[in-house]
1. Being open to solvent by 50 Å² or more (accessible area, probe 1.4 Å), of a type in the set (Lys, Arg) and touching a Gly at 6+ places or on another chain (Cβ under 6 Å) is true for just one of Arg124, Arg129, Arg152. Which residue is that?
2. Leu163 passes all but one of (1) buried (at least 18 other Cβ atoms within 10 Å of the Cβ); (2) over 14 Å from Asn85 (Cα atoms); (3) touching a residue at least 24 places away in the same chain (Cβ under 8 Å); which number fails?
3. Given the conditions (1) of a type in the set (A, V, I, L, M, F, W, C); (2) over 17 Å from Phe11 (Cα atoms); (3) open to solvent by 50 Å² or more (accessible area, probe 1.4 Å), report the number of the one that Met109 does not fulfil.
4. Residue check: is Glu186 outside any helix (DSSP H, G or I), closer than 21 Å to Thr116 by Cβ, open to solvent by less than 20 Å² (accessible area, probe 1.4 Å) and not small (Gly, Ala, Ser)?
5. Within the group Val114, Val56, which residue is open to solvent by 10 Å² or more (accessible area, probe 1.4 Å) and under 25 Å from Ile187 (Cα atoms)?
6. Report, by residue number, each residue of region 234-272 that is closer than 24 Å to Glu290 by Cβ and part of a helix (DSSP H, G or I).
7. Can you find a residue in region 259-273 that is closer than 21 Å to Thr82 by Cβ, at pLDDT 85 or above and aromatic (Phe, Trp, Tyr)?
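The values are calculated or read from the model by the stated rules, or taken from the named source; none is laboratory data. Small disclaimer: the values here were computed from a predicted structure and weren't measured. As a convention, Cβ positions derive from the backbone with ideal geometry for all residues, glycine included, and neighbour counts pool all protein chains shown. Protein only, heavy atoms only, side chains kept; ligands, DNA and RNA dropped before computing areas. Shrake-Rupley method; radii C 1.70, N 1.55, O 1.52, S 1.80 Å.
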Amino acid sequence: MKEIYWHLPGFTYFFYLNQVIIRMMKDHPDYFREGYRIGSVYGTFPGAIWNGGRAVFGMTTKGDMEKIISTYNRMGVPVRFTWTNYLIEEKHLTDTYCNLIMSIADNGMNQVLVSTDILENYLREHYPRFKYLSSTTKRITSLDALGEELKRDYMLVVLDYDLNHDEEALKALEPQANRIEILVDEICFPGCPRRKEHYREESLRQITFDKGDPFPCPNRTTMPGFAECMKRPAFIAADEVQDYVSRGFTNFKLVGRGLPVGMVKDSYMYYLVRKEYQQKARKLMDETLEKLSGAKKKG
């Protein structure tokens with residue numbers, strides 16, 4: 001049976017939700033689609049200036065970092081850091097907070113998403129035991145450029161979601177499909193002319209600790225729910241995933257950073273859980289989260 005790996009968002013913000021879904025997959029495998037596994041949990045610790053894609057403000061203590069990383073790793077799930085800030089310069093490489101995060105997670109199990117050579121080169125030199133992945137924030141949409149990217153030493157290359165339904169690109173990628181990761185439920189629209197500008201703006205906010213005003217996205221005026229997400233052109237339906245698996249693609253990513261927890265729950269149920277068990281699984285998930293929340297307040 002072919003194993004299919006799902007990469008979940010927000011290892012910090014959705015810490016309890018992700019724990020619950022991972023444990024449910026082990027305790028109630030009959031609830032879940034056959035062969036599905038959690039391949040990683042991605043994101044950042046708040047306030048890390050190397051983070052990109054979505055700015056996340058705040059701070060996490062060393063003790064909490066150790067707890068979060070070890071919790072996932074003990075469950076057999078790698079933590080994947082989104083070190084994709086476009087604006088990293090030489091002066092940022094010795095950042096104490098980010099290097100502390102890397103040193104805590106440096107056990108040979110965890111992963112890093114990269115998008116700039118300056119940070120990637122530094123990380124590979126100082127933290128060679130991590131597995132490195134090419135981020136979708138690079139916006140690689142030509143087949144020639146993708147071919148060159150796949151020649152590099154990456155565990156996975158995350159496909160630009162503009163290509164999710166591009167038959168020519170998918171066919172060309174089949175020989176190396178096991179090294180491609182596909183973002184199945186992106187909320188943005190393909191071909192957005194301001195996407196790279198948006199990534200750069202988020203990088204600036206992260207590196208300057210300046211939240212600023214919301215980015216004036218031309219495609220979104222309100223926070224979408226999962227039902228709206230399903231209408232977006234890049235969306236890959238749950239029943240379509242097997243079509244990609246049959247072509248050799250086995251790594252799939254779910255969005256969620258900066259999105260409401262309800263939407264993330266909906267995506268987990270929709271993609272991971274068999275239709276006939278979704279109501280039962282949702283009830284169990286919510287009950288378990290409520291118990292965890294109660295225990296946290298008492299503690």
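1. On the way: Arg124 fails: touching a Gly at 6+ places or on another chain (Cβ under 6 Å); Arg152 fails: touching a Gly at 6+ places or on another chain (Cβ under 6 Å).
The unique qualifying residue is Arg129.
2. Checking Leu163 against (1) buried (at least 18 other Cβ atoms within 10 Å of the Cβ); (2) over 14 Å from Asn85 (Cα atoms); (3) touching a residue at least 24 places away in the same chain (Cβ under 8 Å), the one that fails is (3).
3. Looking at each condition in turn, Met109 falls short on (2).
4. Details: outside any helix (DSSP H, G or I): yes; closer than 21 Å to Thr116 by Cβ: no; open to solvent by less than 20 Å² (accessible area, probe 1.4 Å): yes; not small (Gly, Ala, Ser): yes.
No, not satisfied.
5. Numbers: Val114 fails: open to solvent by 10 Å² or more (accessible area, probe 1.4 Å).
The unique qualifying residue is Val56.
6. Val261, Gly262, Met263, Val264, Lys265, Asp266, Ser267, Tyr268, Met269, Tyr270, Tyr271, Leu272
7. Within region 259-273, one or more residues are closer than 21 Å to Thr82 by Cβ, at pLDDT 85 or above and aromatic (Phe, Trp, Tyr).
Matching residues to (1) assigned to a helix (DSSP H, G or I); (2) surrounded by 15 or more Cβ atoms within 10 Å (Cβ to Cβ); (3) aromatic (Phe, Trp, Tyr):
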| position | (1), (2), (3) |
| --- | --- |
| Thr60 | no, yes, no |
| Asp64 | yes, no, no |
| Ser70 | yes, no, no |
| Asn73 | yes, yes, no |
| Val77 | no, yes, no |
| Thr82 | no, yes, no |
| Ile88 | no, yes, no |
| Thr94 | no, no, no |
| Ile101 | yes, yes, no |
